[in-house]
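Quick notes on the structure that follows.
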Amino acid sequence: MRFFFREPQDFVSSTSPKNRHPERSSSRTLRVAESKDPEGSVLHRLIEPFHARLLGHWSSGLKKGGWYRQHELLRGPSTPRLAKCAKRSAQDDDSEVIVRPKQQQRSFVASGLIAVILSVPVSLHAQMAPNTPDPLLTAMQQELAREKSLLILPGLQRPYFMEYRLEDLQTYEAVANYGALTGESENRQRIVRVEVRIGDYTTDSSSSRGDGSLQLAPNDNDPAALKYALWTATDEAYKNALRAYSAKEAALKQFQSAPTANDFTPAKPVTLIEPLKTLELDRDAWKQRIIEASGIFQTAPEVRSFAAEVQSSSASIDAVVVNRYTVNTDGTVLRHGYAGYNDVISVGGQAADGMQLSRSNGSSAATAEGLESAEALHKRTITNLLSLKDLREAPVVDAEDYHGPVLFSGDASADVINRLFVPNVEADRPDMGTTARTQGAYQSSLRTPVLPSFLTVVDDPGLHTFEGQSLVGAYSVDDEGVPVAPVTVVDHGKLIDYLLGREPVKDFPESNGHGRAAPGQAAHSRAGVVVVKSTQPLSAAEMRAKLLALAKEQGRDVYEVETLGGELSPRLLYRVSPSGKRTLVRGAVFDELDQRSLRSGLLAAGGKPWVAQTLSPVPETTIAPSLLFADIAVKRASEQQQKLPYYAPPAIGDGQK
């Protein structure tokens, strides 16, 4: 899911006072959709339709002018309430204990983006755990200890690592269309995931798909029912691990080359107990806001004159809260989570030639109070409608292909970074039998340029705030129990590190705190807070002057893009003449926008960063400046245009329904 807010405006002056974002579909690959992990299908089989949010939570996009969502999480039957839970067992003496106060946050100034932010040595962060034991963690620890002692079976291998994870998921959604509420739902579900590894750290039963078993958990704190669910899942996970290990041993014998790295890496025990997240939203107030926003096209005097041309108008408010409990045989005990809130307004229609057009954007925040006000939502809806009108009247991009300079706003640049760069520095285990370091475009790019020398990239999950706004990608300990620290991925253009979890890759034997899990899924290497910074930043005016200088030097029009949609296609694209005149055009696609253009095609970067946030499949934040590319192809899209409606929509009264 990507959810953002942006009021359409001249991008060279745009900042991000809130988590803004325009229309964009899944501008980076939605890994849940592409995952080969069979647990996703198991989860769907386990439980009935729950809410179109969690596995691909708010995986949003524009599809023929509409907002769509991918992957429904599911709900199962309720579980009867039984007895109270026993007291929490004591932690190992060498465990690291990190107790986070509810309001703890760290600020960060723009001048220090590359500074070291967070380290978590035991001597600095060891504190006393809360006096009140968590009944869920207590039950999980007790059952883990029991299973560990019992899984010593004659003739069968004993697990060397086991992990229990419980996820308490709560979602809310309300949707309005054409000035009326059309849907409202609120759901809660608990799911346990058990991972069992057979073998040893060098070679075990795991695969790149992820390994484990899923079961429903009781929605109350019933320890007996929870332990029973864990027992069932452990039995299944152990049997699966035995089969997988035998199959893996046989498969490895077919290859001449040994694996380039171990299958797993040890980690010190850590205890992190954070306050539970709760869903806090004024539902009635937000329902009234989205009802009004979805009907503004019929009533507001600024837009009512072209209301008949608006074919779709919807607004929604969504919320998700995930509380995650984890215990493993390392001795790690975690209770942490995240919350996200998102409001969206989407309007769409067709140009006279039948081309489908749309504007869809929304604000997002870690709290409901961080969302935009009712007045701001009203204003943005009007702006969206006016820009939709401009798009309908805009000329189609030239039929002749263009190859030349394109200036990307910070918003568009963040999409490019998320699509072309970030997935390739998240180190995934290579295929069995290969000598590759990892997967993706940068598998053999270590210590070579992947960006221009004036760019440096750091992933810093410890960066909790930036310029006054909270960052959803921030965390203190990853989902595998490894404390975080800043990781410099690219230094002056050269790739020097990857983002890793506890599955190592060649030349990188240890985790750097980036093992992160989507709900119900295995942990994989995923980014946290990616910061792209230029050593030669230019102001917005200087970036535009550089673009105009290129237009004059080449004696032709150039382009600048404000927002991108799915597959990095431009949504708001302007043709800029050497004199500086900007003309909105439609119907364009980019070509030759790839890793090579990032490496050798960038001319300059801005100084004002854009904050882009995503909550799915795991919460991530990307902070990026505007970018000026030397040579990008702009072509006319070859999509067939749909027929216009055969007759007019219903008549609109004076604000009366």
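Listed values, structure above:
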{"item": "Yes/no for Trp231 being touching a residue at least 40 places away in the same chain (Cβ under 8 Å), assigned to a helix (DSSP H, G or I), open to solvent by 70 Å² or more (accessible area, probe 1.4 Å) and of a type in the set (Phe, Trp, Tyr)", "result": "yes"}
{"item": "Matching residues in segment 240-271 - criterion: being out of contact with any strand residue (DSSP E or B) (no Cβ under 8 Å at 6 or more places or on another chain), surrounded by fewer than 16 Cβ atoms within 10 Å (Cβ to Cβ) and not in a helix (DSSP H, G or I)", "result": "Lys253, Gln254, Phe255, Gln256, Ser257, Ala258, Pro266"}
{"item": "Segment 197-228, residues that are of a type outside the set (Gly, Ala, Ser), out of contact with any Lys or Arg (no Cβ under 9 Å at 6 or more places or on another chain) and either crowded, with 24+ Cβ neighbours inside 10 Å or outside any loop (DSSP other than H, G, I, E, B) (or both)", "result": "Arg197, Tyr228"}
{"item": "Which listed residue, of Ala352, Ala368, Ala308, Ala315, is within 25 Å of Val472 (Cβ to Cβ), surrounded by fewer than 24 Cβ atoms within 10 Å (Cβ to Cβ) and either in the same structural domain as Trp286 (by the TED database) or of a type in the set (S, T, N, Q) (or both)", "result": "Ala368"}
{"item": "Residue within segment 462-475 that is under 23 Å from Ser413 (Cα atoms), among the charged types (D, E, K, R) and at pLDDT below 95 present", "result": "yes"}
{"item": "Any hit, segment 236-256, residues being touching a helix residue (DSSP H, G or I) at 6+ places or on another chain (Cβ under 6 Å), more than 29 Å from Arg437 (Cβ to Cβ) and not assigned by the TED database to the domain that holds Gly520", "result": "no"}
{"item": "Any chance Leu598 is in a helix (DSSP H, G or I) and touching a helix residue (DSSP H, G or I) at 6+ places or on another chain (Cβ under 7 Å)", "result": "yes"}
{"item": "Output for segment 619-647, where each listed residue is of a type outside the set (A, V, I, L, M, F, W, C) and not in a loop (DSSP other than H, G, I, E, B)", "result": "Glu620, Thr621, Thr622, Asp631, Lys635, Arg636"}
{"item": "Residue within segment 388-403 that is modelled with pLDDT of 95 or more and within 30 Å of His524 (Cβ to Cβ) present", "result": "no"}
{"item": "Hits in segment 486-517 - residues which are open to solvent by 40 Å² or more (accessible area, probe 1.4 Å) and among the hydrophobic types (A, V, I, L, M, F, W, C)", "result": "Ile496"}
{"item": "Residue satisfying condition, being within 23 Å of the chain's Cα centre (by Cα) and in contact (Cβ under 8 Å) with a residue 60 or more places away in the chain, within set Asp282, Asp330, Asp318, Asp353", "result": "Asp318"}
{"item": "Among residues of segment 594-624, those that are hydrophobic (A, V, I, L, M, F, W, C) and either surrounded by 24 or more Cβ atoms within 10 Å (Cβ to Cβ) or outside the structural domain of His464 (by the TED database) (or both), counted", "result": "8"}
{"item": "Residue match in segment 319-334 (condition: farther than 29 Å from Asp220 by Cβ and assigned by the TED database to the domain that holds Pro159)", "result": "no"}
{"item": "Residue match in segment 175-188 (condition: under 26 Å from Asp330 (Cα atoms) and modelled with pLDDT of 95 or more)", "result": "no"}
{"item": "Condition check for Ser470: crowded, with 23+ Cβ neighbours inside 10 Å, of a type in the set (Ser, Thr, Tyr) and in contact (Cβ under 8 Å) with a residue 40 or more places away in the chain", "result": "no"}
{"item": "Residue list for segment 287-299, restricted to those being surrounded by fewer than 17 Cβ atoms within 10 Å (Cβ to Cβ) and over 31 Å from the mean Cα position of the chain (by Cα)", "result": "none"}
{"item": "Residue in segment 545-565 that is crowded, with 24+ Cβ neighbours inside 10 Å, outside any helix (DSSP H, G or I), out of contact with any helix residue (DSSP H, G or I) (no Cβ under 6 Å at 6 or more places or on another chain) and at pLDDT 95 or above present", "result": "yes"}
{"item": "Candidates Pro504, Pro461, Pro449, Pro483, filtered to the one that is out of contact with any Leu (no Cβ under 9 Å at 6 or more places or on another chain) and either under 23 Å from Thr260 (Cβ atoms) or touching a residue at least 12 places away in the same chain (Cβ under 8 Å) (or both)", "result": "Pro504"}
{"item": "Glu163 in contact with a His (Cβ under 9 Å, 6 or more places away or on another chain), within 21 Å of Gly520 (Cβ to Cβ) and modelled with pLDDT of 95 or more", "result": "no"}
{"item": "Flag if Leu573 is surrounded by fewer than 21 Cβ atoms within 10 Å (Cβ to Cβ) and either under 18 Å from Ser363 (Cα atoms) or of a type in the set (A, V, I, L, M, F, W, C) (or both)", "result": "no"}
{"item": "Boolean, Pro537 is open to solvent by 20 Å² or more (accessible area, probe 1.4 Å) and closer than 22 Å to Leu446 by Cβ", "result": "no"}
{"item": "Hits in segment 375-391 - residues which are surrounded by fewer than 17 Cβ atoms within 10 Å (Cβ to Cβ) and touching a strand residue (DSSP E or B) at 6+ places or on another chain (Cβ under 7 Å)", "result": "Asp390"}
{"item": "Odd one out for Ala376 among (1) within 21 Å of the chain's Cα centre (by Cα); (2) among the small types (Gly, Ala, Ser); (3) modelled with pLDDT of 95 or more", "result": "(1)"}
{"item": "Conditions (1) within 25 Å of the chain's Cα centre (by Cα); (2) in a loop (DSSP other than H, G, I, E, B); (3) under 25 Å from Leu279 (Cα atoms): number failed by Ser185", "result": "(2)"}
{"item": "Cross-chain or 6+ apart pairs with Cβ under 9 Å, segment 401-414 first and among the hydroxyl-bearing types (Ser, Thr, Tyr), then in a helix (DSSP H, G or I) and buried (at least 24 other Cβ atoms within 10 Å of the Cβ)", "result": "Ser409/Phe11"}
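The values are calculated or read from the model by the stated rules, or taken from the named source; none is laboratory data. What you see is a predicted model, and the numbers here were worked out from it, not measured in a lab. All Cβ positions, even for glycine, are placed from backbone atoms using ideal geometry, and neighbour counts span all protein chains on display. Each accessible area value is taken on the protein alone, full model and side chains, heavy atoms only, with ligands, DNA and RNA left out. Shrake-Rupley method; radii C 1.70, N 1.55, O 1.52, S 1.80 Å.
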